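Notes follow once the structure below has been shown.
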C-alpha cells in the first residue's frame, strides 16, 4: 500500500502553506487536497498564483451530499473544485466539508452552509457556484450574483440533496398538458 502521494503539488503546498490543516488523498490516480472551509479560498488562490503550481484553469465547481454514506465523513456536504494546469496537464481537486446546522429538507438559509466564492480567482466560477447553490443550497460569500440558475426562484427545495424525494414534492402534478396540436 502506498503511503506517500506522488503528486507534484502536495510538497509545494505543504512547504508554502504549513499553517493550514490540510489532508490529501488519492483515489484511482486523482489527488484531492481537503481543506477547512475557512482555508479553501486561500488554498485556491495559492494554487492558481504560485508559478510552480499554476493551476490556471478551473474545470468545475460541484458538490456532494454524503447523507447515509457508508464511511464516516467529516461533514455531510462537500464542495469540490477541480483544477488543471494547462501547461503540464496536471490536475488536482480541492475539497471542503460543510455540516448543516438546520433541517435540510426545506430552503432555510443555514449559516453553516457558506463557503467563500472563487469568482475573484476565476470569473468562470460564477455559473458553477450558482448551480451548486441551486441544486444543493450551499451559498458562496461574495458571489456577484448568487441566485437560482436552473430552477425558478421560488422553488421550495434543493433537489440534489439526498433527503429530497426522488419523485419530487408535487411540483409536476399541476402542470398543463400540452398536446401536439397546441404547440
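The table that follows gives values for the structure above.
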item	result
Residues of the stretch 124-144 classified as within 13 Å of the chain's Cα centre (by Cα), in a loop (DSSP other than H, G, I, E, B) and in contact (Cβ under 8 Å) with a residue 60 or more places away in the chain, total	1
Elements of type strands (runs of 3 or more DSSP E) contained in the stretch 59-123, each with 2 or more residues being free of Cβ contacts under 8 Å to residues at least 12 places away in the same chain and closer than 22 Å to residue 153 by Cα	none
Number of the condition not met by residue 99 [criteria: (1) over 25 Å from residue 23 (Cβ atoms); (2) modelled with pLDDT of 95 or more; (3) surrounded by fewer than 15 Cβ atoms within 10 Å (Cβ to Cβ)]	(1)
So residue 43, is it farther than 17 Å from residue 122 by Cβ and either exposed (fewer than 15 other Cβ atoms within 10 Å of the Cβ) or in contact (Cβ under 8 Å) with a residue 40 or more places away in the chain (or both)	no
Condition broken by residue 133, with the remaining ones in (1) touching a helix residue (DSSP H, G or I) at 6+ places or on another chain (Cβ under 9 Å); (2) surrounded by 18 or more Cβ atoms within 10 Å (Cβ to Cβ); (3) more than 18 Å from residue 48 (Cβ to Cβ) satisfied	(1)
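The values are calculated or read from the model by the stated rules, or taken from the named source; none is laboratory data. Nothing here was measured: the structure is a model prediction, and the numbers come from that model. Reconstructed Cβ throughout: ideal geometry from the backbone, glycine too, with neighbour counts over all protein chains shown.
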